[in-house]
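The values are calculated or read from the model by the stated rules, or taken from the named source; none is laboratory data. As the structure is a computational prediction, the values presented were derived from the model and not from experiment. Glycine gets a Cβ as well: all are built from the backbone with ideal geometry, and neighbour counts include every protein chain shown.
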Amino acid sequence: MFAPLPRADYENVHRVDALARWTFREEKALVRKTDLRVMLVLMFLSLDLDRGNISQANSADFLKDLKLTTNDYNMGTSLARAGFLIAELPSQLISKRIGPDHWIPMQMCLWSIVAGSQFWLSGKSSFLATRFLVGLFQGGFIPDVVLYMTLAFFFTCNFSVNIFAGFLAIGLLQLNGVRGHAGWRWLFLIEALFTFVVGFITFFNMPPCPTATKTWFRPKGWYTDREEIIMTNRILRDDPGTISLSMLWESICDFDLWPLYAVGLVFVLPEIPVQAYLTLAFRELGFSTVTTNLLTIPTLALAILTLMAITCLSEAVNERSFVASLQYLWIMPCLIALYYLPPHRPWAYFAVTTVLLGSPSVQAIAVSWVSMNAGSVRTRTVGASLHNMMVQVSSIIGSYIYRADDRPLYRRGNRALIGICAINLALFPLIKLYYIQRNKYKRSQWEALSPEEQANYLKRTKERGSKRLDFQFFH
């Protein structure tokens with residue numbers, strides 16, 4: 001398949017070669033090399049410090065110091081997600097305009113300034129305002145970042161750095177009382193400063209495209225001439241087009257992706273409240289601040305292992321629906337155990353929540369599934385953004401499952417989580433059935449054409465991606 005020639009101002013135009021050929025082994029090795037090259041950069045870029053450090057702050061009496069209730073905490077969490085949701089698509093449009101190599105560092109610097117201002121929090125109003133603004137400036141960050149690496153690597157980096165964040169919080173919270181300020185205030189300020197510095201450095205370190213990796217401190221660049229040719233032409237042959245507002249509307253109206261957007265709406269819900277309340281629950285069960293933060297680390301370590309395992313399994317068997325269901329077969333017994341868990345059993349609670357939150361996350365599978373079934377590079381980024389928006393809506397919903405009047409065991413909330421988990425167990429097989437039926441319909445339409453009509457269709461059709469009759473959905 002030959003790639004149509006791009007515009008003359010395309011940044012990689014000097015590496016465009018319609019006759020270029022390469023092997024699958026070369027391409028796979030190059031993708032792996034790209035992951036490894038950018039992993040160290042993106043381990044910092046994927047830091048969830050300034051959105052996730054509120055969990056560590058909760059282990060140091062954050063809510064008590066500001067006279068906030070858990071319902072106030074829920075509202076702050078939902079506002080952060082709402083800000084993230086509102087900014088998702090505008091952020092993508094800005095990224096397309098100025099380039100992710102510029103926009104990502106700008107985002108990091110902007111949200112780190114707001115995050116650092118949390119040092120001066122005084123009550124509910126300032127808490128809610130900063131939560132919203134941090135989410136607003138982080139909107140669109142994940143789809144931009146995953147342009148540079150495979151999804152499994154991105155989420156693994158995210159979990160890995162959060163382990164580092166746990167250890168970092170233990171040290172920073174020891175600053176409690178320094179200059180008369182609580183430890184959680186120093187946590188917000190110092191981690192925000194760290195993010196700002198990394199964002200500033202990234203301005204000079206993130207390459208804008210495969211053919212522009214050479215800098216004064218990296219004179220040889222990341223790729224050889226041949227590797228640049230492969231990188232450029234593999235993208236163009238996938239789809240050389242650009243994204244427009246009409247493409248955005250097309251993605252929204254693409255009903256064949258709606259089942260996967262539904263996945264985004266519910267697949268993380270069974271874990272959200274447990275994760276959000278983990279450090280609060282540990283403190284209420286009598287664990288110290290240091291112990292509480294240490295107890296969050298095994299969950300992350302287990303999550304890394306299970307994430308890589310389920311992602312590799314999905315690729316090995318070329319299956320998504322049934323493999324994704326495994327996460328909920330894992331979670332369901334944990335939620336049932338949590339529902340019936342007697343009060344004042346701190347180590348039993350730790351064991352159950354560690355196994356629950358260490359479940360094999362299907363997030364990488366879900367996002368890549370959207371990309372595969374979008375069928376076009378031009379719609380993949382938008383599709384991934386819409387999917388991520390559904391995840392943020394899910395997070396907003398999840399913020400209100402555990403309520404103050406349900407403390408301390410949250411029986412009502414856990415009962416709701418069991419029901420949501422059951423919905424997920426039914427949802428994935430139904431999605432598989434839907435795509436099987438859609439494939440049968442498209443195949444029958446295709447086979448009804450004569451060989452001449454098929455050839456004419458391939459030559460003249462204006463349908464793209466998953467709308468083509470010869471496209472088959474992944475399931």
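Say we look at the stretch 436-475 and pick out the residues that are among the hydroxyl-bearing types (Ser, Thr, Tyr), within 24 Å of residue 379 (Cβ to Cβ) and part of a helix (DSSP H, G or I); which of these is modelled with the lowest pLDDT? Let's see the steps before the verdict.
Of all residues in the stretch 436-475, those among the hydroxyl-bearing types (Ser, Thr, Tyr) come to 441, 444, 450, 457, 461, 466.
Imposing the further condition that a residue be within 24 Å of residue 379 (Cβ to Cβ) reduces the set to 441, 457, 461, 466.
From the residues that got through so far, the ones that are part of a helix (DSSP H, G or I) too are 441, 457, 466.
Numbers: 441: 92, 457: 83, 466: 77.
Step by step, filter the stretch 436-475, then rank; the result is 466.
Determine whether residue 292 is part of a helix (DSSP H, G or I), under 26 Å from residue 366 (Cβ atoms) and touching a residue at least 24 places away in the same chain (Cβ under 8 Å). Give the steps one after another, and end with the answer.
Values: part of a helix (DSSP H, G or I): yes; under 26 Å from residue 366 (Cβ atoms): no; touching a residue at least 24 places away in the same chain (Cβ under 8 Å): yes.
So residue 292 does not fit the description; no.
Do we find a residue being part of a helix (DSSP H, G or I), in the same structural domain as residue 131 (by TED's automatic domain parsing), at pLDDT below 75 and under 21 Å from residue 172 (Cβ atoms) anywhere in the stretch 50-64?
Taking the stretch 50-64 as the starting set, the residues that turn out to be part of a helix (DSSP H, G or I) are 50-58, 62-64.
From what is left, the residues that are in the same structural domain as residue 131 (by TED's automatic domain parsing) are 50-58, 62-64.
Adding the requirement that they be at pLDDT below 75 leaves 50-51.
Right, trim to under 21 Å from residue 172 (Cβ atoms) and you get 50-51.
Looking through the stretch 50-64, at least one residue is part of a helix (DSSP H, G or I), in the same structural domain as residue 131 (by TED's automatic domain parsing), at pLDDT below 75 and under 21 Å from residue 172 (Cβ atoms).
Can you say whether residue 303 is under 25 Å from residue 370 (Cα atoms), of a type in the set (Gly, Ala, Ser) and in contact with a Ser or Thr (Cβ under 9 Å, 6 or more places away or on another chain), as far as the supplied structure shows?
Yes; evaluated as a whole, the condition is true for this residue.
Out of the residues in the stretch 365-424 that are small (Gly, Ala, Ser), touching an Asp or Glu at 6+ places or on another chain (Cβ under 6 Å) and assigned to a helix (DSSP H, G or I), which is nearest to residue 338 (Cα to Cα)? Break it down stepwise before answering.
At the first step, the residues of the stretch 365-424 found to be small (Gly, Ala, Ser) are 366, 368, 371, 374-376, 383-385, 394-395, 398-399, 404, 413, 416, 419, 422.
Retained after the next criterion (residues that are touching an Asp or Glu at 6+ places or on another chain (Cβ under 6 Å)): 376, 385, 413.
From what's left, assigned to a helix (DSSP H, G or I): 385, 413.
Details: 385: 33, 413: 11 Å.
Ranking the qualifying residues of the stretch 365-424, first place goes to 413.
Could you tell me whether the stretch 234-254 includes any residue that is at pLDDT 80 or above, surrounded by 14 or more Cβ atoms within 10 Å (Cβ to Cβ) and either touching a helix residue (DSSP H, G or I) at 6+ places or on another chain (Cβ under 8 Å) or of a type outside the set (Gly, Ala, Ser) (or both)?
yes
Which of the residues that make up the stretch 93-130 are more than 23 Å from the chain's Cα centre (by Cα) and assigned to a loop (DSSP other than H, G, I, E, B)?
Passing the criteria: 121, 122, 123.
Checking the condition in contact (Cβ under 8 Å) with a residue 40 or more places away in the chain and within 18 Å of residue 267 (Cα to Cα), which residue from 417, 409 passes? Step through it out loud before you land on a result.
On the way: 409 fails: within 18 Å of residue 267 (Cα to Cα).
Only one candidate qualifies: 417.
Condition first: touching a helix residue (DSSP H, G or I) at 6+ places or on another chain (Cβ under 8 Å), farther than 17 Å from residue 290 by Cβ and surrounded by fewer than 24 Cβ atoms within 10 Å (Cβ to Cβ). Now tell me which residues in the stretch 51-66 satisfy that. Break it down into steps so the answer makes sense when it comes.
If we filter the stretch 51-66 for residues that are touching a helix residue (DSSP H, G or I) at 6+ places or on another chain (Cβ under 8 Å), which is where we start, we get 51-63, 65-66.
Subset that is farther than 17 Å from residue 290 by Cβ: 51-52, 54, 63, 65-66.
Passing the criteria: 51, 52, 63, 65, 66.
For the stretch 175-184: of the residues being surrounded by 14 or more Cβ atoms within 10 Å (Cβ to Cβ) and assigned to a helix (DSSP H, G or I), which is farthest from the chain's Cα centre (by Cα)? Don't jump to the end; show me each part of the working.
Quick first cut of the stretch 175-184, residues surrounded by 14 or more Cβ atoms within 10 Å (Cβ to Cβ) only: 175-176, 181-184.
Going one step further and asking which of them are assigned to a helix (DSSP H, G or I), we end up with 175, 183-184.
Details: 175: 32, 183: 29, 184: 26 Å.
Ranking the qualifying residues of the stretch 175-184, first place goes to 175.
Looking at residue 311, is it within 20 Å of the chain's Cα centre (by Cα), assigned to a helix (DSSP H, G or I), on the phi < 0 side of the Ramachandran plot and surrounded by 22 or more Cβ atoms within 10 Å (Cβ to Cβ)?
Working: within 20 Å of the chain's Cα centre (by Cα): yes; assigned to a helix (DSSP H, G or I): yes; on the phi < 0 side of the Ramachandran plot: yes; surrounded by 22 or more Cβ atoms within 10 Å (Cβ to Cβ): yes.
Judged against the criteria, residue 311 is a match.
Output the residue which, of all residues in the stretch 336-350 that are closer than 17 Å to residue 402 by Cβ and in a loop (DSSP other than H, G, I, E, B), is nearest to the chain's Cα centre (by Cα).
Applying the filter and picking the extreme gives 341.
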